[in-house]
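Asks: Please read through the structure below; I'll follow up with questions.
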Amino acid sequence: MTDLWRLAWRGLTRRRVRTLLTALGITVAVASMVIFLSLGEGIRKVFTQQLGGIGPDIQVSLTPLSQGLAMHPNMPAKAVQDISALSEELGIQSVTPVIMAVRGGLDVTQSVVLYGLPAAQGIQAVFPGTTVIQGRALQPADEGQGVAVAGAKAAQNLHLKLGSTLNLNRRNRVKVEGILAPESGLVDNFIFLPLGTLQRSEAAEGRVSLVAVKLDDPRQARAVATALAKKLDLEAATQSDFLSFLDRALKISDAVRFGISLIALIVGGLAVANTVMMGVYERIREFGTLRAIGARPAFVRALVLTESLLLSLVGGVGGLLLGLLGIWVVNVYTQRLAGIDAAALTPRLTLLALGISLLLGLLSGLLPARAASRLNITDALGRV
Amino acid sequence: MTSATSSTAPAPTTPAPTTLPTLHVENLSRIYPSGDGQVQALAPLTHTFPPGLTAVVGPSGSGKSTLLNLLAGFDTPTTGTVQVGGTTLGGLTETQRADFRLKHYGFVFQNHNLVSILTAIENVEFPLTLAGLPIRERTERARALLALVGLEKRAGHLPSQLSGGEAQRVAIARALAGNPALLLCDEPTGNLDSKTGEMVLSQLQEAARQGRTVVLITHDRDIAALADHHLQVRDGVVGVVD
């Protein structure tokens with residue numbers, strides 16, 4: 001077995017430049033696949049970490065999750081009272097009305113999410129992990145006032161400091177009273193405002209985007225969500241609904257990105273097949289000699305396949321390394337943009353990249369290996 | 001079916017096994033299609049090759065190499081059989097035939113046909129690797145064989161770093177590696193100068209003296225004259241000279 005690998009390696013290194021160029025082709029193909037797919041992995045990781053331990057147990061809104069995240073304040077605030085009325089019956093600990101709005105600019109680093117919630121309940125009612133690093137948190141007296149607490153990334157991107165003024169629109173502006181510690185997550189891009197302040201700014205008095213519900217026993221989330229939806233004729237989604245919705249969306253996105261990178265992989269595979277096939281034709285006499293002196297057809301087949309696998313493996317490992325570099329570049333960019341690592345090289349992706357490389361090598365080597373093992377010895381030796 | 005994992009090959013200086021299989025052909029012929037017609041490359045031949053050096057002489061295109069290809073099992077005869085000991089080559093599968101060649105045959109080609117990416121010693125080791133010999137044993141044996149052909153100091157050289165004569169002697173060492181009973185040589189001195197050719201020939205004679213059946217294809221009558229037995233091929237018809 002060692003002899004076979006050694007022989008295959010020598011066969012490849014005989015034409016160094018050609019082998020290197022082919023391996024580079026695989027490297028680029030695998031790297032592009034790794035970078036493309038790592039985006040999904042990174043986003044999946046961020047959301048899983050973000051929603052695993054924080055956030056509401058149930059999110060009640062007017063529109064279903066499948067139509068996107070609830071942003072538009074289209075739900076009457078009366079829903080809060082309706083839900084609160086069921087607190088005892090359904091084991092609800094707290095009910096927090098939330099209004100959300102997005103402030104975007106052409107420069108994506110200027111985009112932030114405005115998140116309004118009752119000042120009396122505070123940010124920790126929905127995001128218990130947050131801490132104020134500068135200034136103060138929202139206080140009950142802030143309700144309806146022009147104050148804000150900025151997430152770390154939002155403050156950095158919008159150059160907000162304590163005391164800075166943030167224009168919500170022509171008529172409404174708020175003063176930054178606090179800045180949150182970095183969370184390495186989505187909350188970093190939020191600016192928290194008192195509910196009334198944002199409702200006024202959005203001209204959405206009496207309406208909310210969603211209602212965040214915390215339960216006494218979060219394990220009952222599914223049952224309570226079903227009950228809420230039935231009793232109040234509203235959409236109620238649990239954390240796991242959100243994650244599975246996200247997972248479904250990411251899977252579709254994965255498939256699209258994999259499809260794109262598949263083109264590069266097919267081109268890389270054809271390059272391997274071409275290189276190995278050329279190697280077989282160049283060495284047809286040598287393979288004929290091997291067969292003549294006693295090598296079985298299976299040995300020759302294995303030798304050519306090993307060359308192909310080796311070439312793809314080298315390209316695959318190179319692709320992983322180049323992919324890592326690409327992921328680092330992507331993350332530097334997305335960190336600057338949103339404070340998150342959008343790309344991640346997970347063990348699953350590493351195995352997939354290596355597996356695809358080997359599969360590519362195997363498929364690309366099949367035809368040349370078959371040709372080499374079925375050669376006519378007399379013709380190959382060129383003696384008749 | 002013969003095994004490809006025989007590891008009982010004796011040292012190179014040891015004479016070939018006393019119970020050597022006999023090479024016998026029965027009504028052996030080969031016809032190639034040619035356009036609308038056919039060409040008889042080899043007329044039916046029945047012959048037993050005796051131990052020792054047999055020269056097969058004839059002009060180019062006379063059918064010498066066709067005969068060698070049939071004897072080796074590289075080609076399939078139109079009629080007849082090639083028998084080595086009790087085994088008929090035509091009755092073996094490709095894999096069995098490869099194993100059979102590995103165990104019983106050695107080959108020396110006109111253009112040494114060494115594997116260009118392997119050093120001299122690795123080339124000699126190669127059949128032993130196929131036979132599954134442990135690395136130490138095969139290295140020792142290959143080294144001894146290179147010493148036998150006077151090339152122990154060239155063991156680490158690639159074929160491209162060897163002269164034509166040296167490469168051909170490495171090829172002889174490779175052919176003898178598995179201690180085969182049959183040695184088939186196709187114009188082994190064809191590309192060599194007369195002095196190097198003589199050196200190569202003397203090594204083939206030595207192999208024949210050890211009891212092997214050595215079949216030497218040549219168009220050179222001077223070289224053929226040194227053989228123990230002679231076959232003359234002309235237009236595909238083989239005649240026994242002595």
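Asks: Whether any residue in the stretch A:328-337 is of a type in the set (Phe, Trp, Tyr) and more than 30 Å from A:Ala152 (Cβ to Cβ) is what I want to check.
Replies: No, the conditions are met nowhere in the stretch A:328-337.
Asks: Report the residue count in the stretch B:200-225 for those that are touching a Pro at 6+ places or on another chain (Cβ under 8 Å) and farther than 18 Å from B:His112 by Cα.
Replies: Going through the stretch B:200-225 one residue at a time, the tally reaches 5.
Asks: Here is a list of conditions, (1) of a type outside the set (Phe, Trp, Tyr); (2) surrounded by fewer than 18 Cβ atoms within 10 Å (Cβ to Cβ); (3) over 41 Å from the mean Cα position of the chain (by Cα), and A:Leu354 meets all of them except one; can you say which number that is?
Replies: (3)
Asks: Take the stretch A:1-43 and flag every residue that is touching a Phe, Trp or Tyr at 6+ places or on another chain (Cβ under 7 Å) and small (Gly, Ala, Ser).
Replies: Scanning the stretch A:1-43 gives no hits.
Asks: Limited to the stretch A:124-151, what total is found for residues that are farther than 25 Å from A:Gln59 by Cα, in contact with a Leu (Cβ under 8 Å, 6 or more places away or on another chain) and either assigned to a helix (DSSP H, G or I) or among the polar types (S, T, N, Q) (or both)?
Replies: 1
Asks: Oh, and also: Residue check, A:Ile340 against (1) in a helix (DSSP H, G or I); (2) within 17 Å of the chain's Cα centre (by Cα), all met but one. Which one?
Replies: Every condition holds for A:Ile340 apart from (1).
Asks: Going through the stretch A:213-235 one residue at a time, which ones are assigned to a strand (DSSP E or B) and either surrounded by fewer than 19 Cβ atoms within 10 Å (Cβ to Cβ) or modelled with pLDDT of 90 or more (or both)?
Replies: Across the stretch A:213-235, the qualifying residues are A:Val213, A:Lys214.
Asks: While we're looking at this one, here's another question. Can you give me the number of residues within the stretch B:228-242 that are in contact (Cβ under 8 Å) with a residue 24 or more places away in the chain and not in a loop (DSSP other than H, G, I, E, B)?
Replies: Residues that pass the stated criteria total 9.
Asks: So, in the stretch B:160-177, of the ones that are more than 17 Å from B:Glu206 (Cβ to Cβ) and of a type in the set (Gly, Ala, Ser), which residue ends up surrounded by the fewest Cβ atoms within 10 Å (Cβ to Cβ)?
Replies: Applying the filter and picking the extreme gives B:Ser160.
Asks: Tell me, please, whether a residue that is more than 30 Å from A:Arg44 (Cβ to Cβ), among the hydrophobic types (A, V, I, L, M, F, W, C) and at pLDDT 90 or above can be found in the stretch A:320-336.
Replies: So far as the stretch A:320-336 goes, no, none of its residues is more than 30 Å from A:Arg44 (Cβ to Cβ), among the hydrophobic types (A, V, I, L, M, F, W, C) and at pLDDT 90 or above.
Asks: Moving on. For A:Arg383, state whether it is at pLDDT 90 or above and within 14 Å of another protein chain (Cβ to nearest Cβ).
Replies: no
Asks: While we're here: Which is free of Cβ contacts under 8 Å to residues at least 24 places away in the same chain, more than 14 Å from chain B (Cβ to nearest Cβ) and assigned to a helix (DSSP H, G or I), of A:Leu362, A:Leu351?
Replies: Checking each option against the conditions leaves just A:Leu351.
Asks: How many of the residues making up the stretch A:257-284 are surrounded by fewer than 19 Cβ atoms within 10 Å (Cβ to Cβ) and either farther than 20 Å from A:Leu354 by Cα or within 14 Å of another protein chain (Cβ to nearest Cβ) (or both)?
Replies: 5
Asks: Take the residues of the stretch A:225-257 that are of a type outside the set (Gly, Ala, Ser) and in contact with a strand residue (DSSP E or B) (Cβ under 6 Å, 6 or more places away or on another chain): which is nearest to A:Met33 (Cα to Cα)?
Replies: Among those residues, the one meeting the criterion is A:Thr238.
Asks: Here is a further query. List the helices (runs of 4 or more DSSP H) inside the stretch B:56-155, counting only whole elements, that have at least 3 residues being facing chain A (nearest Cβ under 8 Å).
Replies: B:64-72, B:94-104, B:120-130
Asks: Considering each residue of the stretch B:157-207, count those that are part of a helix (DSSP H, G or I) and within 14 Å of another protein chain (Cβ to nearest Cβ), and give that number.
Replies: Result for the stretch B:157-207: 11.
Asks: Now a separate question. Taking the stretch A:159-199 as the region of interest, how many residues are without any contact (Cβ under 8 Å) to a residue 40 or more places away in the chain and either buried (at least 17 other Cβ atoms within 10 Å of the Cβ) or small (Gly, Ala, Ser) (or both)?
Replies: 5
The values are calculated or read from the model by the stated rules, or taken from the named source; none is laboratory data. No experiment lies behind these values; they were computed from the predicted model shown. When we count neighbours, we look across all protein chains shown, and the Cβ atoms used for this are built from the backbone with ideal geometry, even at glycine.
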